[in-house]
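Some notes on the structure that comes next.
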Amino acid sequence: MHLDALPRSTRTGDGPMDLNAVRDVSRAISAAHLFIYLVPETAQEAAELGVTDSGPAYLAFRSAALGAVPWQVTLAAFYNFSPRAVRAMAGVWEAAPPERWQAARLRAAGRAMRRVNVSLTDGHLAEARSLIDTVITGADYAGKVLAAANASIELPCDPLAALWQQITVAREWRGDAHLLVLADNGLGPCDCLVLHAATGHLPTVLARTTRRWDDDEWSAATARLVARGWLNSHGVLTHAGSASRERIEEETDAHCAALWAPIGNAGARRFASLIAPIADSFTAAGTFQAVRGQSDRAYGAAATGTR
């Protein structure tokens, strides 16, 4: 179904968005974005730029769209990292300027998708672009810092990499929206990570390793969640905590309804189905095998933020 075939009420956003459709397309977006943190092409491109440590390389690649900002700006945009984790990126802009990191990231995406034979026909690729381009062009970027930065990037000539970059804009838009919801609910950077880990969907050791909160900080965040009744005295998620976390996701979905309204429910669901071969191809290639059992989605949360 092409965009022109969609009913006007859904295509133009004058009908209500189904939040289930918003959640479904958001999951598809995250799944299609995830591979960039796991494929060897990303590490190879970073090494070409002179950085072999995966932590600083991750921070440089993901924040490159912001420009040569101080690490404190990256910390603010990424939200749930500790200052000591983000401070480790010092020197990445001396190794290579942000535009080279961004170009390398897009090359890695294109190379990886071709290596695993992502199966998108020219027609499906064009249809996917017609849908996501409408979303990205019509989006409101107020308060959406990472999304706005990524939307400003000139798209590459490689059609697969260009589609992935547009997917990235939508993924970061939801992430930025999620941070607003977290802050509105009084969940700070470490608190939201502890809560996510308590669900069992994000292994604590993975969260602690990538975000680098120390024992005292982790314990303090846990105590704050216990005081709210969201964790019990043993740090186990309570019914109230589970309900509150789901409510936060629902509030994020509601915030994101405006993003997908220009193509409506049918367009959002169609886009989700069109990009599904990206995640499917990397799954078939074993890209997520190393984190299977901790769940692919869990690693994605650790790699891209509890967002």
The rounded separation in angstrom of the Cα centers of region 214-247 and region 249-288 is 30
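So if each residue of separation counts as 0.36 nm, and I subtract the Cα-Cα distance between residue 99 and residue 121, what length gain in nm does that give? The partial results should precede the final answer.
Values: separation 22, 0.36 × 22 = 7.92 nm, distance 2.98 nm.
Gain in length upon complete extension: 4.9 nm.
Label the chain by shape, choosing from rounded, prolate and oblate, from the square roots a ≥ b ≥ c of the eigenvalues of the Cα gyration tensor; if a/c is under 1.5 it is rounded, and otherwise prolate applies when a/b is larger than b/c, oblate when it is not. The partial results should precede the final answer.
On the way: a/c = 1.66, a/b = 1.16, b/c = 1.43.
The shape class here is oblate.
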Result for the chain: accessible area per residue, probe 1.4 angstrom, in square angstrom, of 42
So residue 242 and residue 209, fully extended at 0.36 nm per residue minus their Cα-Cα distance, gain in nm 9.5 nm
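Just want to confirm a number: the relative contact order over the chain, from Cα pairs under 8 angstrom separated by 6+ residues, in percent.
Numbers: 407 pairs, mean separation 103.1, N = 307.
Worked out over the chain, it gives 34 percent.
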With the 8 Å Cα cutoff and a minimum separation of six or more residues, region 196-286 has a relative contact order in percent of 15
Ignoring ligands and nucleic acids, residue 273 exposes an accessible area, probe 1.4 Å, in Å² to the nearest 10, of 60
Ordering 47-57, 173-183 by per-residue average of other C-beta atoms within 10 angstrom, highest first, gives 173-183, 47-57
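Given a cut-off of under 8 Å on Cα pairs at least six residues apart, what relative contact order in percent is computed for region 84-192?
Numbers: 56 pairs, mean separation 30.0, N = 109.
Worked out over region 84-192, it gives 27 percent.
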Excluding ligands, DNA and RNA, the carbon-plus-sulfur percentage of the accessible area of region 78-171 with a 1.4 Å probe reads 55
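With +1 on each Lys and Arg Cβ and -1 on each Asp and Glu Cβ, how big is the dipole of region 32-170 about its Cα centre, in debye rounded to the nearest 20?
Details: 11 positive and 12 negative charges, 67 e Å.
Dipole size: approximately 320 debye.
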Heavy-atom accessible area with a 1.4 angstrom probe orders 154, 172, most exposed first, as 154, 172
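The values are calculated or read from the model by the stated rules, or taken from the named source; none is laboratory data. A quick note: this is a predicted structure, and the numbers were derived from the prediction, not measured. When we count neighbours, we look across all protein chains shown, and the Cβ atoms used for this are built from the backbone with ideal geometry, even at glycine. SASA here: full protein model, heavy atoms, side chains in, ligands and nucleic acids out. Shrake-Rupley method; radii C 1.70, N 1.55, O 1.52, S 1.80 Å.
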